[in-house]
Ligand code: 6CS
Ligand code: FE
């Protein structure tokens, strides 16, 4: 980690709000060719708001295929003693399965689909790889919330991600409505880095992936960001895709509706932003949560559903 960390966090000092030091939409080196997938309006919206919702990127046939793959993976992994499976606090139902792009061929292909991969390459201005992938099942009745957080705050402190040059891509595999705990974002919050108070315990991920308690933003700062930017629910039909910056403040409510809210998430990181040592000499998180090994740029390949 750099001796002068521009994004300090997890300190005993008080919480603070700091200016972002990195671009949001990166320029490509002029020597490199770029396939643009976003129009100027979409790029500007992503830059200003820190997220972009693209309705109906995948068609009904593809959604059915991916939905079945997601359910099959849960059937296969439940009670199989897999470390990649995170249980819901309380009910023990499957909350998340991590590393799906390395464990399942269908999701391995999906990360290379040009409709999503080329948006990541365009925004990050470079070749990209997957830092983390997961399915969040958020089952009906018992799916618990994800409290407000900036992903970058965790990835920087616990994984040693140097700069804000990563984004999340969430592909909706069920309809996400107001009723079933959709992703909520604070538009504009990606411009501000919320430094969080408190030290990271050993193996924090075992707890935080069920319920995050360290790296949680101060309430006064959350209120400040929400007063400025408001709160937007990213609702949409299955097959829609949400792209959001690694530092956008986001969270989601629990799901007491009967309808699952299930999405697959890919975190694309720039090949020029690979992980270093975590701060404060923490032991790096395991490979299935934060990729370090065999990093190679992804090349586009259409989804093959036959
Ligand atoms: O730990 C992670 O990588 C992700 N999970 C949580 C609960 N917070 C930060 C980040 O989104
Ligand atoms: Fe997150």
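For the range 240-266, name all the residues that are in a loop (DSSP other than H, G, I, E, B) and within 16 Å of ligand 2 (Cβ to nearest atom).
Once the filter is applied, which keeps residues that are in a loop (DSSP other than H, G, I, E, B) and within 16 Å of ligand 2 (Cβ to nearest atom), the range 240-266 yields 246, 247, 248, 249, 253, 254, 261, 262.
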request  = Looking at (1) surrounded by 19 or more Cβ atoms within 10 Å (Cβ to Cβ); (2) over 16 Å from the mean Cα position of the chain (by Cα); (3) away from ligand 2 (no atom under 14 Å from the Cβ), find the lone condition where residue 291 falls short.
outcome  = (2)
Single residue of 215, 239 found to be modelled with pLDDT under 95 and either in contact with a helix residue (DSSP H, G or I) (Cβ under 6 Å, 6 or more places away or on another chain) or under 13 Å from residue 193 (Cα atoms) (or both) = 215
request  = Residues being buried (at least 24 other Cβ atoms within 10 Å of the Cβ), outside any helix (DSSP H, G or I) and either within 11 Å of ligand 2 (Cβ to nearest atom) or without any contact (Cβ under 8 Å) to a residue 40 or more places away in the chain (or both): count how many of those fall in the range 149-167.
outcome  = 1
task = Considering each residue of the range 103-112, count those that are buried (at least 19 other Cβ atoms within 10 Å of the Cβ), outside any helix (DSSP H, G or I) and either at pLDDT below 95 or within 17 Å of the chain's Cα centre (by Cα) (or both), and give that number.
result = 1
ask   = How about the range 206-239: which of its residues are away from ligand 2 (no atom under 16 Å from the Cβ), touching a residue at least 60 places away in the same chain (Cβ under 8 Å), more than 30 Å from residue 303 (Cα to Cα) and not in a helix (DSSP H, G or I)?
value = 218
ask   = Looking at (1) away from ligand 1 (no atom under 16 Å from the Cβ); (2) at pLDDT below 95; (3) surrounded by 15 or more Cβ atoms within 10 Å (Cβ to Cβ), which is the only condition residue 262 fails?
value = (2)
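Which one of these is under 30 Å from residue 72 (Cβ atoms) and either crowded, with 23+ Cβ neighbours inside 10 Å or more than 16 Å from the chain's Cα centre (by Cα) (or both): 222, 183, 124, 209?
183
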task = Hey, could you check the range 177-205 for residues that are out of contact with any strand residue (DSSP E or B) (no Cβ under 6 Å at 6 or more places or on another chain), modelled with pLDDT of 95 or more and within 16 Å of ligand 2 (Cβ to nearest atom) and say which is farthest from residue 138 (Cα to Cα)?
result = 189
message = Looking at 139, 55 in this structure, which one is exposed (fewer than 15 other Cβ atoms within 10 Å of the Cβ) and closer than 27 Å to residue 233 by Cα?
response = 55
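Across the range 268-286, which residue is farthest from the chain's Cα centre (by Cα) among those that are crowded, with 23+ Cβ neighbours inside 10 Å and within 13 Å of ligand 1 (Cβ to nearest atom)?
Restricting to residues being crowded, with 23+ Cβ neighbours inside 10 Å and within 13 Å of ligand 1 (Cβ to nearest atom), the top hit is 285.
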ask   = So which residues in the range 54-85 are in contact with a helix residue (DSSP H, G or I) (Cβ under 9 Å, 6 or more places away or on another chain) and not in a helix (DSSP H, G or I)?
value = 54, 57, 58, 82, 84, 85
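Here's the yes/no breakdown for (1) farther than 21 Å from residue 244 by Cα; (2) within 13 Å of ligand 1 (Cβ to nearest atom):
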| position | (1), (2) |
| --- | --- |
| 179 | yes, no |
| 183 | no, yes |
| 186 | no, no |
| 201 | yes, no |
| 205 | yes, yes |
| 208 | no, yes |
| 212 | no, yes |
| 217 | no, yes |
| 223 | no, no |
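Suppose we filter the range 118-142 for residues that are away from ligand 1 (no atom under 14 Å from the Cβ) and at negative phi; how many remain? Steps first, please.
Filtering the range 118-142 for residues away from ligand 1 (no atom under 14 Å from the Cβ) gives 118-129, 137, 139-142.
Those still in the list that are at negative phi too: 118-124, 126-129, 137, 139-140, 142.
Adding up the residues that qualify gives 15.
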query = Considering 277, 293, which residue is out of contact with any strand residue (DSSP E or B) (no Cβ under 8 Å at 6 or more places or on another chain) and at pLDDT below 95?
reply = 277
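The values are calculated or read from the model by the stated rules, or taken from the named source; none is laboratory data. Because the structure is predicted, anything quoted here is derived from the model rather than measured. We place every Cβ from the backbone using ideal geometry, glycine too, and count neighbours over all the protein chains shown.
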